[in-house]
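J.: Okay, here's the structure, questions in a sec.
The values are calculated or read from the model by the stated rules, or taken from the named source; none is laboratory data. Please read all numbers here as calculations on a predicted model, not as lab measurements. When the accessible area is computed, the model is the full protein with side chains, heavy atoms only, and any ligands, DNA or RNA have been set aside. Shrake-Rupley method; radii C 1.70, N 1.55, O 1.52, S 1.80 Å.
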Amino acid sequence: YSDRFEKELIEDLGYRGHTIVSDAINRHRDMSQTEGDVVVLDLGVGTGLLGQLLRESIGLGDDETCVSSEDISRGKVIIRGVDLSSRMVEISRARTVDKAHVSVYDTVEVGDATGFLQRMGSSGIDIITASDVFIYIGALDEVFREASRVLKKGGLVAFTIETLSSNEKRRTTAPAGSADGLMLLQSGRFGHSKSYVKDVSEKAGLTLVEWKEDILRKQGNEDVKGAAVLLQF
């Protein structure tokens with residue numbers, strides 16, 4: 001099931017969200033310097049594609065040597081994940097880094113992104129990731145507030161969103177009271193503008209560090225346009 005799902009996702013749909021988020025973190029990882037353990041929260045793990053890239057690029061954890069970055073090499077890397085699908089949780093729990101036979105995730109649980117963050121203690125997380133997750137959540141006020149609460153000072157939030165074309169306007173089906181720049185698209189997913197993300201993140205105490213537009217995947221014969229976004233607490 002996992003192999004078939006990933007083949008369809010990557011080969012047929014050209015899905016790139018996991019690499020886009022991982023690349024964003026690698027470009028700015030020196031901004032999140034820390035002593036000791038590095039704790040990463042991966043929201044909406046799916047089959048663990050993003051988690052595996054993070055494990056391979058940031059560090060292998062336990063007694064294994066971190067691949068790079070002196071600022072994290074003194075401690076181990078702990079990656080915790082969450083997903084709404086119990087089947088995806090089962091698959092991601094079993095995922096390993098082949099070359100080191102190390103589990104990609106230290107823990108994975110069933111649940112929603114905001115509830116997962118709410119169960120975390122304050123000021124203990126270094127990096128939060130979400131690939132193809134916020135497009136299903138829509139309004140980001142609450143998840144950004146919780147991200148600010150759980151992040152260490154200097155911590156990062158890296159994620160993808162689908163962008164809005166210049167002629168798209170917010171639909172009446174967007175969440176009541178939401179700001180301009182949030183729209184329910186015909187695909188059933190949400191689109192977010194840069195101004196919306198910047199406004200909501202700043203209200204939550206987060207700073208927009210990077211907004212890099214890219215192609216997330218295919219839908220039919222059309223490119224799905226989005227952006228890699230990096231915020232810092």
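J.: Per residue, how much accessible area does the stretch 95-155 show when a 1.4 Å probe rolls over the protein heavy atoms, in square angstrom?
T.: Normalised by residue count, the accessible surface of the stretch 95-155 is 42 Å².
J.: On to the next question. Can you list residues from other chains, or at least 5 along the same chain, whose modelled amide H is less than 5 Å from the amide H of residue 81?
T.: The answer is 42, 107, 108, 109.
J.: Quick one: which of 7/152; 76/218; 153/212 span more than 31 angstrom between C-alpha atoms? Intermediate results must be reported in sequence, preceding the final value.
T.: Numbers: 7/152 36 Å; 76/218 36 Å; 153/212 23 Å.
Correct reply: 7/152; 76/218.
J.: Here is a follow-up. Whole-Hz ³J(HN,Hα) for each residue in the stretch 185-194, computed from phi via Karplus 6.51 cos²θ - 1.76 cosθ + 1.60 with θ = phi - 60°, x for glycine and proline: what do you get?
T.: 7, 4, 5, x, 9, 8, x, 10, 8, 4
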